[in-house]
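Contents: one structure, followed by commentary.
Values quoted throughout were computed directly from the atomic coordinates according to the rules given, and no laboratory measurement underlies them. Here the structure is a predicted model, which means the values were calculated and not measured. Because the Cβ atoms are built from the backbone with ideal geometry, glycine has one as well, and the counts that use them run over all protein chains shown.
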Amino acid sequence: MTKKYKFLFVKFIAALFILNGCSNSTKFASENKDPFEKINRNVFQFNKYVDQKIISPISKTYVKKVPAKIRSGVSNHLQWMDTPNTIINSALQTDMENTILASAKFLLNGLTLGFYDLDKGETVIKKRDFGSTLARLNVSEGPFLMVPLIGPKTTRDLTGTILDRQNMATLSSNSIDDLSLAEVPINIIDKRSKMSKTLDNIYLSADPYVKVRSFYLQNRRNEIYSEKYIENKNNNLDAEFEKLLD
């Protein structure tokens, strides 16, 4: 085992023990039990301000000025860049079918740097990350958090996000890692553009914080625990919000 993979394994075990020690015995944190709600609401107001003043206007300009085919290519590329996380975590979850399919699709679409899906959507890939790996090992999701400039997370998923990022940095070259960092703002704009209408409407509701929290927890649990959940590049996030928030 190389030093890189030993390092990944040690981090995996350390994170697992730390979170197991800190979490309670229940699988889910009740939406009615938000121990950091006061802080979370303040962070939510900050994130909302940044979104409405900066991110939302940019995303709307992006949709208006950039052709749909180019936006689709950008989304494809961003998903392709994240595929190694799915490969690693599928293997950790002993989902060998998903590991093999994700690896094959990653290599195939690498011919276009992911901008064009040569597979044309024929291969169904289940998105996997470190948060879902910890969940599969019965680590509690922990308290709900609203993270500055990032948005809703649970403590388990925040830890998973950090470790996924470190794993990519460990496995990739400096040039690829720099490219990944440069694409963070593009990823934010891409995601915001897909949920623009409904998120704007949520801001007008009586308690947008509660609605965002509810959507995040329901969608994340569905993503992790439902075998029928498949991430599709054409998922209509506006429709997902509306379905869950009716």
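Holding the Cα-Cα limit at 18 Å, pick out from Lys53/Lys197; Lys64/Lys120; Lys60/Lys197; Lys65/Lys194; Lys60/Lys194; Lys105/Lys191 the pairs that are longer than that. Write down the numbers at each step before the final one.
Working: Lys53/Lys197 16 Å; Lys64/Lys120 26 Å; Lys60/Lys197 10 Å; Lys65/Lys194 15 Å; Lys60/Lys194 10 Å; Lys105/Lys191 22 Å.
Over 18 Å apart, Cα to Cα: Lys64/Lys120; Lys105/Lys191.
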Checklist entry - Each residue of the range 86-103 in order: what ³J(HN,Hα) in whole Hz does its phi give by Karplus 6.51 cos²θ - 1.76 cosθ + 1.60, θ = phi - 60°, with x for Gly and Pro? => result 5, 4, 4, 6, 5, 5, 5, 8, 6, 8, 5, 4, 5, 4, 5, 5, 5, 5
Checklist outcome for this item: Between the alpha carbon centres of the range 98-147 and the range 182-227 the gap in Å comes to 18 Å
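Where does the charge balance sit around Asp157 when Lys and Arg score +1, Asp and Glu -1, over other residues with C-beta under 12 Å from its C-beta?
On the way: positive: Lys153, Arg156, Arg220, Arg221; negative: Asp129, Glu141, Asp164, Glu223.
That sum, taken over residues with Cβ under 12 Å, equals 0.
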Item to check | Spin-label zone in the range 192-216 - amide nitrogen under 17 Å from a point set 7 Å from the Cα of Ala68 along the C-beta vector | outcome: 193-197
